[in-house]
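The next block holds one structure in the form of structure tokens; read it before the comments.
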Amino acid sequence: MNWIPNILRRRKLYDDLSEEMQLHLEERAEQLMAGGMSPQEAQQAARRAFGNRALLEERSRLVWQWPTLESILADMRIAMRNLRRSPGFTIAAVLTLALAIGANAVVFGVLNALILRPLNVPDAQSLYTIERGGYKEQATSYPDYLDLRDRNRSFDGLTAYILTQVVLDTGRNPSEIWGYEVTGNYFDAMKIQPYLGRFFHVADEHGPNSAPYLVLTYAYWHSHFQDDRGIVGRVVQVNRHPYTILGVAPPEFNGTLLFFYPDFFLPMVNQEQVEGLSVLNDRGHRNIFMVLGHVKAGVTPGQAIADLDSVGAYLEKTYPKDDAYMTYSLARPSLAGDMLGPAVKGFMTGLMLLAGLILLAACANLGSLFAARAADRSREVALRLALGSSRRRILRAVFTEAVLISLVGGVLGLLGSVVLLRQLSAWQPIPEYPMHLSLYPDAKVYLVALLLALASGFLFGAVPVRQILRTNPYEVVKAGSTGIIAGSAGRRITLRDVLLVVQIAICAVLVTSSLVAVRGLARSMHSNFGFEPENAMLVDTTLGMAGYSGDRVPAMQRRMIDALQTIPGVKSVGFVSEIPLGGGGASSDVFTEQTTDLRTSNGAANVQVFKISPEYLHAAGTSLLAGRGLSWQDDGNSPRVAVVNALFARRIFGSVSNALGKYYKTEDGARVQVVGIAEDGKYYQLTEDPRPAMFLPFLQSPTGMTTLVVRSERDPQQLAGAIRNKLRGMDDSLPMFIQTWTEGLDIALFPSRVATVALGVLGLMGAMLSLTGIFGMAAYSVSKRLRELGIRMALGAQRKQVLQAALGRPLILLAIGSAAGLLLGIVATRVLAFIVYLATPRDPLVLAGVVLAMVLLGIVATWIPAQRALSIDPMMLLRED
């Protein structure tokens, strides 16, 4: 390791070497002068005997040098000088790469957070969410969970949880907060330790409502209790019931849904006390509780699935009316496990590919610029070759210059992406819910950005390699012009042509995707949902949070409806258990009247279930196609009735006309008569296939979930104040969230809006890159053919002919690239149909928009080169020659 100190004191070693050689020469000269030579003759003789001093010094210095590193550093210094001499080229190249690499880093950061990054718990690699059935349902019933937990042999411990909202009263300013109801083994199964106090465990549970305990998340404790360590043991009110705060979760733990940040955890056995009702003993409620756990060491996922399927077979056999299709699969608990299915994964993968295309377009752009730069510097390259420099050394200098640009651009792009990802992490897209995405970049994001920067540099740096390898230095020096492009000017297709076509095609793909998304979102906003969101307000409340339970719930719901109908300007008020497209909803199997074996396998259809008041359909703007609506006489003392949608009628009874007055059966065996037919609609998500639905009277099917629809043409802000005052007058502890129905569609439209914005940004970036690429080629073509164009004009060529000669090739390449990109874009945007409702690449407006956009890009990009070509003065050019 002696070379390390030698490098640090190299200047002194060099000086000492020179001084020692000089002393040696002087000593030899003195000896010769003592022999009778004159001083001048002695010095010349000493130098001849000593040899080439400079060469000897260089060879001696190699002892203290690291040749490879020295050579690389020298190339870097030369590259930096060259880039400083061309500030315009350098700034354009760095900014182009910064945009492209930054876009890729942002997209990968989101992809990493949603799909790749595991939960922040110990042994996350063995943690799996359990999915049920062919539709991969994430939820199950509590009795089924108990059987899965107790009968499986593959998991260290299965735990269940559900999201809930409560009113927390600490003695001042009661507030609505979101959290988890969890089984007693939740924290043990997650293998985490409390930051403060302790957690509750299975031993703390002794039956229903037996564990009034609360565990706060670190973020909530920090923001609402100001890190007060005396909080442990304090009694607070949860939905008017006393609960003891046991402890605080660690800072890094935010539950087991990546996008949902809870404020608290409480025991699931207290569900009745918290929500006003309990389904812990109801095996038929299979879409309630999410289950996950750690697979034991040495057990493969396949073995765990087989073990769960054996438990499912037992459940099917033991509870034939309640359990069917009890087959299971496992998923990593990423974005709500696999709740959003392949659509989100497919879209994020597609977005990553499109961002990669942006980077490829940037590399094509810079590769074209590097090829032109190499052509302009061909005389310099030829002279270096003629003076003995190797082609390898010249190529290394070119790659050094390219990698320097890519690294600087990568650093700038990464810094921009970090800022954007941090802002997105603080963004709360839907204020009603504590939804956050932890998008803070980790080592993977930095590594990907570094790899992209290096790969980009080598990619566009490799474009002029063939030019340099084929350079004939003697021909270039003799000709006195650019010999590099001379060898390729007559070819029909050059590398720069191919790069430009690729770049334009990528731009067309991005523009097509963005226009498809924008058009789909616009059509979504004005499509038929099966209800009319305009001029309607939504009032969400959970009566259990105000202490209502049992028969008091429907009585209070009736009072609320009656009270809001008295507000001036209100046309109608309706109640519904779950608002359509509100992010929730329940489903149930139904059977034909003749079916006696009510197992799921014998079901006629799985339908969406809404529990409504008589005026809901009118308040929602849902048309009644036939029959009657529900009435207040449809209560618990009257026969079971329902209004069904048209698809339900066709699927169960064959046609709408045959459905009225007919009966079907529900999962509990009750006979229900169809009294009305409503129009079809969208219920769970915009992109869903048409679904059958039934609307049941809430007096026959009570529910604690309460959403009131208030239809009025009054100003929304004034109406919201009137609604709040009216309900506060009835019960000042009643929690409520009031918004317009249009705002309530934010959840349903959120994927479409995100997709539209993301694709719009990528499309704009692609257009900018294509614009600069076309401009660069057109400008370079004109600059290299100025003399030829001047001669054409001197010989009488018309303006149209000059433009055709100067810009014909770039415009032809624009047409070819646009056509190829449009075809690829039509294929690529098929995946958008799963994210953006009514998105289709076959829309004539989309196709016309893509063509118009590419034509405008061509006009803008070639405008300045065209003006330069038309302003040529042939006499000035000829005089210069």
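The values are calculated or read from the model by the stated rules, or taken from the named source; none is laboratory data. For clarity, every value in this text was computed on a predicted model and none was experimentally measured. Cβ sites come from the backbone with ideal geometry, for glycine too, and all protein chains shown count toward neighbours. Heavy atoms of the whole protein, side chains included, go into the accessibility calculation; ligands, DNA and RNA do not. Shrake-Rupley method; radii C 1.70, N 1.55, O 1.52, S 1.80 Å.
How much accessible area does residue 527 have with a 1.4 Å probe, in Å² rounded to the nearest 10?
30
Can you give me the orientation-averaged projected area of the convex hull built on the Cα atoms of the range 689-753, in nm²?
With every direction weighted equally, the projected area is 7.1 nm².
Between the range 382-422 and the range 589-647, how far is it from one alpha carbon centroid to the other, in angstrom?
Distance between centres, Cα-based: 68 Å.
Can you work out the Karplus-derived ³J(HN,Hα) for every residue in the range 222-239? Use 6.51 cos²θ - 1.76 cosθ + 1.60 with θ = phi - 60°, whole Hz, and x for glycine or proline.
For the range 222-239, the Karplus-derived couplings read 5, 7, 10, 10, 6, 6, 6, 6, x, 5, 5, x, 6, 9, 10, 9, 10, 6 Hz, x marking Gly and Pro.
Read phi for every residue in the range 167-172 and hand back ³J(HN,Hα) as whole Hz from Karplus 6.51 cos²θ - 1.76 cosθ + 1.60, θ = phi - 60°, with x for Gly and Pro.
Computed from phi, the couplings for the range 167-172 are 9, 9, 10, 9, x, 7 Hz.
Once amide H atoms are placed 1.01 Å from N in the peptide plane, what residues at a sequence separation of 5 or more from residue 611, or on another chain, have their amide H within under 5 Å of its amide H?
Residues meeting the amide H criterion: 577, 578, 696.
Compute the relative contact order of the range 135-251 as a whole-number percentage, counting only Cα pairs closer than 8 Å that sit 6 or more residues apart in sequence.
With pairs under 8 Å counted, the relative contact order is 25 percent.
With a 1.4 Å probe and all protein chains kept in place, how do 240, 332 rank by accessible area, largest first?
On the way: 240 130, 332 105 Å².
Per-residue accessible area, sorted high to low, gives 240, 332.
Could you please state, rounded to a whole Å, how far the C-alpha centre of the range 201-231 is from the C-alpha centre of the range 247-266?
What the calculation gives is 11 Å, centre to centre.
Taking 0.36 nm per residue of sequence separation and subtracting the Cα-Cα distance, how much length would be gained by fully extending the chain between residue 799 and residue 433, in nm to one decimal?
So the chain would gain 125.4 nm between residue 799 and residue 433.
For the range 573-715, what mean projected area does the convex hull of the alpha carbons give, in nm²? List each step's numbers first, then the result.
Working: hull surface 36.3 nm².
Average projection, Cα convex hull of the range 573-715: 9.1 nm².
Under the 0.36 nm per residue contour assumption, what length would be gained going from the current alpha-carbon distance of residue 446 and residue 466 to full extension?
Numbers: separation 20, 0.36 × 20 = 7.20 nm, distance 3.25 nm.
Here the answer is 3.9 nm.
Provide the solvent-accessible area of residue 534, counting protein heavy atoms only and rolling a 1.4 Å probe, rounded to the nearest 10 Å².
Roll a 1.4 Å probe over it and residue 534 shows about 100 Å².
In Å², what does the accessible area per residue of the range 396-445 work out to with a 1.4 Å probe?
Numbers: 2290 Å² over 50 residues.
Per-residue value: 46 Å².
Round to the nearest 0.05 the FRET efficiency obtained for residue 188 and residue 731 when R0 = 35 Å and r is the Cβ-Cβ distance.
FRET efficiency, residue 188 to residue 731: 0.35.
Residue 764 label point, 7 Å along Cα→Cβ, cut-off 13 Å on backbone N: hits in the range 85-110?
none
Beyond 21 Å between alpha-carbons counts as too far, so tell me which of 191/296; 611/726; 611/665; 136/662 fall in that bin.
Numbers: 191/296 13 Å; 611/726 24 Å; 611/665 16 Å; 136/662 33 Å.
Check vs 21 Å cut-off fails for 611/726; 136/662.
Between residue 30 and residue 528, how many nm apart are label points set 7 Å from Cα along the C-beta direction?
11.2
Can you put 84, 519, 151 in order of accessible area, largest first, using a 1.4 Å probe?
The ranking, largest first, comes out as 84, 151, 519.
For the range 502-600, report the convex hull volume of the alpha-carbon atoms normalised per residue, in Å³, without decimals.
In the range 502-600, the Cα hull volume divided by residue count equals 267 Å³.
Applying 1/(1 + (r/R0)^6) with R0 = 45 Å to the Cβ-Cβ distance of residue 38 and residue 16, what FRET efficiency is obtained, to the nearest 0.05?
0.90
According to a simple spin-label model (label point 7 Å from Cα along Cα-to-Cβ), what is the distance in nm between residue 224 and residue 85?
A separation of 6.7 nm, rounded to one decimal place.
Describe numerically, in nm with one decimal, the distance between label points set 7 Å from Cα along Cα→Cβ at residue 863 and at residue 391.
Distance between the two pseudo-spin positions: 4.4 nm.
Residue separation times 0.36 nm, minus the C-alpha to C-alpha distance between residue 586 and residue 657: what's the value?
Working it through step by step, the gained length comes to 22.9 nm.
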